[in-house]
Structures are given as structure tokens and as C-alpha cells.
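Below is one structure, written out as C-alpha cells; the observations come after it.
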């Protein structure tokens, strides 16, 4: 079995058992996310679960509790570590019903991360869309750094994101230098990515880590010719969100969808624990929820 399907209230979701990620999501047959058939055919970390860290870790190096660690440099350039390692693991089905599935995995220590975790993801379809609840337990005998993110690409019926409107209720973004944070945090207007009020994406290139959310449940909204798609996140768990218009993807996939990535800590968070890094003591359990709701132009949906 490679994936699990759940459905209800007009929604259908496929969850991959390789990596535990969202393989595809639809409303009344309309794609809400891009999807893939085989795990090895996914593009640009499509649907991946980004744990125990999302984004890049500068040169794969970090310090935690006075010890230095070096992660495997798995980024395409070979210079940095990126997106953790649980996205390549085989996950198990814990429980399943027509509208809900819980998948889980237990990790072993790996190079640069000598900690063991138990992760579970609960995917639930309700009248208002898909909810994704993550829980993680530290199985180690010592404290462990932890963060998680989700890397789905969202679509609203348009051939390109250029013709979609976007709302992003965040005040600031990290300043990047070659996609590594410099440590400076910029106002979204100064960074040229102010979508606090809905506006057309147009030719705007977006590959930014948004921080400083507005409200307790910020909602990123993508509206196109077929769908209005809203990605919401519990700000206590996910105070950061990366958006990516896919400009560096392979030909045929550039700017075809918008990655909206709820993240529990910002990019390079292992080197900036003040940006939301979770410190898990032995036996500690962390949890958080985000979700998706969509409405078709004919008014069907949540």
C-alpha cells in the first residue's frame, strides 16, 4: 500500500505512506493542490513533511546545549541541509476511517541529529475542509531541538499563479542571502512582498519566509478562476509561513502553483532558536494544527 485516501463533504485527500505527506487534495474534483502518483515523481518537495527542521540549515551546522552538530548536506547545491529527513521514511497507518487517517513514524538517530522521535499526523476531513494535526514525542534521554513544516503546492484553477489574487496576513519577512537568513527581519512593504491586502500576484517572484502573523489564526488566501483556497494555521504552533511561486522548478512546473508552507520555526531555526524552535525534553510531546478550506466559484464547498 503506497497511499491512503479519505473523503467526505466533497473533499478527497490522498496521504502518502512514503514520507507521510499530503499527496493530493481535491474539492468536487477540482485540484486544490498539485498531486503525484509515485513518490519519486514528486517535484520541488511536493507535499513533503519537513521535520525535524523546515527550510535550510546554514552549511548543515548548528549548536545545541553547548554541542556542535553537522547534518548531511542534502540540498541540491550540496552546501546546506534542507527540510529534515522524515519525508523519505516509510510511515505506518495508526488508525483509519472514511474521513480520517492517522499515520506515524518513529525515527532513529541520524548524522547530525542523534535524537529519536515519534511523529504522528492526523488528517481529518470535516465540513469546512482538511485539518492536519501533528504530534511529536521525544523518545531520547536528552533534550532535542525540533521544528516541522508542510510543503504543499496550492492551485485555484489558473494555468499560472500570475493571474491569481493573494492575501498573506503577515507583517514581516526574513531577509535572505542565497536563501539563508542574514538575521535581519524586514517589513513586508520594504521587502516588496506586501500582500496584507489581497492583490494580483502578477509577475511577482515570491520565495520568502513570512513572520509576525496578524491574529491568532492567520489565513493565507489564494483566489483563481475556479477556487478560493484558504490555508489557515494555529499561530501558537505555526507562527511562520514560507511562500514560493516555483520560479526555480523544472520547466513545465514554474509558477504553476503556489507553495504555502506553515512552519513551526523559521528557516535556519536551529541557528536562531528565538524564531520558534521547540525544545523537547525527554518524554515531551508537542502538537499543532493547520488546515485548508476551499470554495468553488459556483459556491460549493466550505
Return the residues of segment 144-192 that are in a loop (DSSP other than H, G, I, E, B) and free of Cβ contacts under 8 Å to residues at least 40 places away in the same chain; say none if nothing qualifies. 178, 192
Testing residue 121 on (1) under 30 Å from residue 59 (Cβ atoms); (2) without any contact (Cβ under 8 Å) to a residue 40 or more places away in the chain; (3) part of a strand (DSSP E or B), one condition comes back false. Which one is that? (2)
Looking for something under 23 Å from residue 217 (Cα atoms), surrounded by fewer than 22 Cβ atoms within 10 Å (Cβ to Cβ) and modelled with pLDDT of 95 or more - is there at least one such residue anywhere in segment 252-270? no
How many residues are part of a loop (DSSP other than H, G, I, E, B) and either in contact (Cβ under 8 Å) with a residue 24 or more places away in the chain or under 18 Å from residue 183 (Cβ atoms) (or both) when one looks only at segment 39-78? 12
Just one of 291, 276 is under 18 Å from residue 82 (Cα atoms), surrounded by fewer than 24 Cβ atoms within 10 Å (Cβ to Cβ) and either out of contact with any strand residue (DSSP E or B) (no Cβ under 7 Å at 6 or more places or on another chain) or modelled with pLDDT of 95 or more (or both); which is it? 276
Residues being crowded, with 16+ Cβ neighbours inside 10 Å and either free of Cβ contacts under 8 Å to residues at least 60 places away in the same chain or over 18 Å from the mean Cα position of the chain (by Cα) (or both): count how many of those fall in segment 218-236. 12
Regarding segment 53-63, can at least one residue be identified that is touching a strand residue (DSSP E or B) at 6+ places or on another chain (Cβ under 6 Å) and under 17 Å from residue 20 (Cα atoms)? yes
Residue 35: surrounded by fewer than 18 Cβ atoms within 10 Å (Cβ to Cβ) and either in a loop (DSSP other than H, G, I, E, B) or touching a strand residue (DSSP E or B) at 6+ places or on another chain (Cβ under 6 Å) (or both), yes or no? no
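The values are calculated or read from the model by the stated rules, or taken from the named source; none is laboratory data. Computed from a prediction, not measured in an experiment: that's the story for all the values here. Counting neighbours? That spans all protein chains shown, and the Cβs are built from the backbone with ideal geometry, glycine included.
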